[in-house]
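Below is one structure, written out as structure tokens; the observations come after it.
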Amino acid sequence: MEGFSKNVEACPRLLDLIPKERELLGDREDERSSSEEKKLELRLGLPGEDWPLKNTRERHESQLNSFGYFTNGNNQTQKFPSSADNSHVWFNQQQKGQVAPPFLTFPSSTTPPTATAPQQSLPVMAKESSQPCCNKAVVELQQCAEKKAFSPPAPANTAVPNSSQKSLEFYHQFTADRRCLTAPGPVVGWPPIRSFRKNLASSSGSYSKPTVESLNKPVETCKKGLFVKINMEGVPIGRKVDLKAYDSYEKLSSAVDELFRGLLAAQIDSSSNGIMNKQEEGKAITGVLDGSGEYTLVYEDNEGDRMLVGDVPWHMFVSTVKRLRVLKSSEVSALSREWKHQAREGARELCEQIAMNFAVKILHRSLNERT
Amino acid sequence: MITNKKPRSSDTDSIYMRDDRTEMSEDDDRSPSPNSITHDSSPTRTYTTGSGPGTGPGSSSVPEYLAPCPDQVLENVLENVLWFLTSRKDRNAASLVCRSWYRVEALTRSDLFIGNCYAVSPKRATSRFTRIRSVTLKGRPRFADFNLMPPNWGAHLAPWVSAMALTYPWLEKVHLKRMSVTDDDLALLAESFSGFKELVLVCCDGFGTSGLAIVASRCRQLKVLDLIESEVSDDDVDWISYFPDTGTCLESLIFDCVECPIDFDALERLVANSPSLKKLRLNRHVSMGQLHRLMVQAPRLTHLGTGSFSPSEDVAQGEQGPDYVSAFAGCKSIVCLSGFREIIPDYLPAINPVCANLTSLNLSYANVSAEHLKPIISNCHKLQIFWVLDSICDEGLQAVAATCKELRELRVFPFEAREDIEGPVSEVGLQAVSEGCRKLQSILYFCQRMTNAAVVAMSKNCPDLVVFRLCIMGRHRPDHVTGEPMDEGFGAIVMNCKKLTRLAVSGLLTDRAFAYIGKYGKIVRTLSVAFAGDSDMGLKYVLEGCPRLQKLEIRDSPFGDAALLSGLHHYYNMRFLWMSACNLSNQGCQQIAQALPRLVVEVIKHEDNLDMDENVDTLYMYRSLEGPRDDVPRFVSIL
């Protein structure tokens, strides 16, 4: 807070407003995304286990480890960061100063931040975990072979959020007994009901449609591959491709040809005379990337939009693609007109938005100056 | 002739055993008691050099051998006679008589049942039985349904369908349970068997609507397409429209588990084009209005799954909807009703016209109260099978007990499957059912609290019980009135129910309960144990006392290596043993593996912990003629 206001003292130049604004925007985004990331990347661990930091964003791992995760070190009570280290703990706030996060209050945290490189670090509340994680962890009883006494959780003056409390309870159970006889928490596979019977309670009362867990997993990520579904127009059987097996669009394109050439030939055969003509291999499927062939490759990204394959750098494509489709090129040209229109619309809206915000800022400044 | 006819504990023709009943209900285990006559199915060992009626024209002995006509005639007669033998238990017995009978039986068997797809290889099965028309295959163990096993464990259909494509061109029926089926498998199936008639997939996964589309379009003789509690992925293919427009021979179409929306117009056309359709179970994307239209098209239905049983969203409130009551009145043949996936209870009375004839009613997705249920159930005098949610409370169960005197099977599922709530059904409901439904044969009951007294009462009131599965959802929960363990209740069940073959126990149980089971459960074939027992003695009682035990699944119970070793004499007679989160060690499992070479001993680790640990997370072992399978995922090690 303090740091921020210092910068505003001087008479603001219009250009100054923009960077600040971006900072603010950046903060919110970062906060949101990192809190989401928090959910994604955190897992239940055990006393003494090192946190695997999978995210590739810049981190200062050594600093993090020393900041006393609740379970770090078997013998330690939870460590509060010392006042001098306060600044490093809170993600995204380092540049502007101390904003006490809602879920943890420190005994003392008044020193201004030292100017350091932005550290988007994991929050100290390291034990947030989603329910499935808990379940799984409870079942993985082999991990509780380490029967170390877990140090008691939050001391009186620390507010600990509920999820963390629950997860701390789990640790007590783990260390208590391998069979978790006293575990109050849910256990995998108990009661023994199949998953499609389990969602009934969530739809009760309002008689609305139940939120059935989606059985469709368009993207499966596992340590080994990134599988996305790929469908070709006119061929009922879809397939799956592992995008991690390719590193360029060309390779993907030839894979598509391999996958569908035979199927397409079979389809054409079957619809014409019903007899599989095994001698014809079918003609190759080419030109899927540049629009020159009979078919074109498109994909659906994580926002549900359909895009042409090949426009963005490969790694960006891999990170956003959810599903692939091979469409007839004639259809795609209709699509592309639609896309262009959408792009123009989108760009216009964005410009309007920025101009609006800019104008508002100026107004505010001028108002402040007058008073 | 085979000199030794005594039962041997080596395997196993019983791998091929199959029940006469063709129904496969949700947790079906209705195989007859295992024929203790087993035989080593490697043909060479049973071939004898004896002379006499056993040798026939295929015998490889004297070059100047002249086939005596009477023998030939005998064999022909035998062949004709054996065609009529349908019970697989009898067939297995017949195949042991002598070489000739073995051969003829193999030629005349038309239904192949494989209870564990890894017990025998496709090649071995297809080379012994060459004229099969119907195949039933079961794959994963049941506890895999409850996420106790990592995905991709196995049970792939692919090797089977490839082998069968080569050897069984006239295959008509395939029934699968807990197998992994891919779209390619379905495509191969559709391509390879021109007369294919029946496909039933129970608790399967790995395929999607594209596979269904291929089956629909290729299998022109298809009569039955039943998808029961399977996971079907949405490939954006409108599979219903792939059925031929010219008409189908469909008699049964069950797709209530398919979560993808369907094109209703295509479905309506299909129903109109399928004059033989008797069984239709819709998924939850079919609204009541659409159901109405279908019922009008197909008044001869006998089995109906009603879809969502709520109006679609664009029907305005208070608008006069179609006359559902008369639609039901028009379907005079309905005997089995299910669905009600998103029911608005006010509509339930629409089924009144068919209640008097109903033999089977499945409300297990319908959140209805006792008040909603009573007017309906009071008309269901002929009801034999009733599946319901515990939302009807004890009061609803009392109403059932008052009316449904013919009830054979009752399943009460929990609306909220948690351990820490009060729970709407209890011993009161169980007691009422036991007093009202004396002919009860099978019960599955989820509850939060129970007493020994009620269970004892049921054991006395319902002597015909074959299946007793009680799930007290709170782990280790005792009799809530007396505070004692539930030992006496379950003990009474095994003691008094002389026909009991399947038992699932729960609640606080000591070794005493297992002592009862070992002492009295002489025909028990399937036993499910969770969070029970005190020591190794519990498991020992069971393994030593239950000679007919075939399937044993145990989780989170304190049984260790010593107990495991006490069952060595019996494991070849079992289909499988599952033990997860017990006190087993690698060493103990190794001992078993070494002592019993025909047993496949799989140690399954959870994916996140692949280090070799002394403790065994999950043990799954089964007899097999093939040794370790070759499609083992990395989290499984075979000892």
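The values are calculated or read from the model by the stated rules, or taken from the named source; none is laboratory data. Fair warning: this is a prediction, and the values are worked out from it, not measured in the lab. Because the Cβ atoms are built from the backbone with ideal geometry, glycine has one as well, and the counts that use them run over all protein chains shown. Ligands, DNA and RNA are excluded from the accessible area calculation, which covers all protein heavy atoms including side chains. Shrake-Rupley method; radii C 1.70, N 1.55, O 1.52, S 1.80 Å.
Some notes on this structure:
- Here is the interface size for B with A: some 4800 Å² of accessible area buried, both sides summed, with a 1.4 Å probe.
- DSSP beta bridges fully contained in chain B are about 15 percent antiparallel.
- Heavy-atom accessible area with a 1.4 Å probe sorts A:I362, B:I392, largest first, into A:I362, B:I392.
- Taking a ≥ b ≥ c as the square roots of the eigenvalues of the Cα gyration tensor, an a/c ratio of 1.5 or more together with a/b no larger than b/c marks chain B as oblate.
- Projecting label points 7 angstrom from Cα along Cα→Cβ for B:H476 and A:D305 puts them 5.6 nm apart.
- Overall form of region B:400-524 per C-alpha gyration tensor (a/c, 1.5; a/b vs b/c): oblate
- Relative contact order (percent, whole number), chain B, Cα cutoff 8 Å, 6+ residue spacing: 7
- Probe 1.4 Å, accessible area per residue of chain B, Å²: 37
- Using a probe of 1.4 Å on the protein chains alone, the accessible area found for B:I254 is around 10 Å².
- Counting Cβ atoms of other protein chains within 10 Å of each Cβ in B:139-147 and taking the mean gives 3.
- Dipole of chain B computed with +1 at Lys/Arg Cβ and -1 at Asp/Glu Cβ about the Cα centre; of B:P597, B:S378, B:A190, farthest Cα towards the positive end is B:P597.
- Taking the accessible area of region B:419-533, probe 1.4 Å, and keeping the other protein chains in place, the carbon and sulfur fraction comes to 56%.
- Shielding by partners, peptide B:413-420 (average Cβ within 10 angstrom, other chains): 5
- Relative contact order computed over region B:252-317 (Cα-Cα under 8 Å; 6+ residues apart), in percent: 37
- Region B:283-422 - percent relative contact order, Cα under 8 Å, separation 6 or more: 19
- For B:I254, the amide hydrogen comes within under 5 Å of the amide hydrogens of B:L225, B:D226, B:L227, B:R281, counting only partners 5 or more places away or on other chains and with H modelled in the peptide plane.
- Sorting the segments A:285-292, B:510-517 by their mean number of nearby beta carbons within 10 angstrom, highest to lowest, gives B:510-517, A:285-292.
- Beta bridges per DSSP with both ends in region B:494-586, % antiparallel, nearest 5: 0
- When the other protein chains are added to the chain by itself, burial of at least 30 square angstrom of heavy-atom accessible area (probe 1.4 Å, ligands and nucleic acids ignored) affects these residues of region B:320-342: B:E342.
- Mean partner shielding of peptide B:230-237, defined as the number of other chain Cβ atoms within 10 Å of each residue Cβ, is 5.
- Lys, Arg +1 and Asp, Glu -1 on Cβ, resulting dipole of region B:300-385 about Cα centre, debye, nearest 20: 560
- Global form of region B:497-639, assessed from the alpha-carbon gyration tensor, a/c cut-off 1.5: prolate
- For the residue pairs A:K198/B:K540; A:K244/B:K123; B:K89/B:K498, alpha carbon separations beyond 26 Å are given by A:K198/B:K540; A:K244/B:K123.
- Derived scalar couplings ³J(HN,Hα) [region B:276-287; Karplus, 6.51 cos²θ - 1.76 cosθ + 1.60; whole Hz; x for Gly, Pro]: 8, 5, 10, 10, 9, 10, 8, 8, 6, 8, 9, 7
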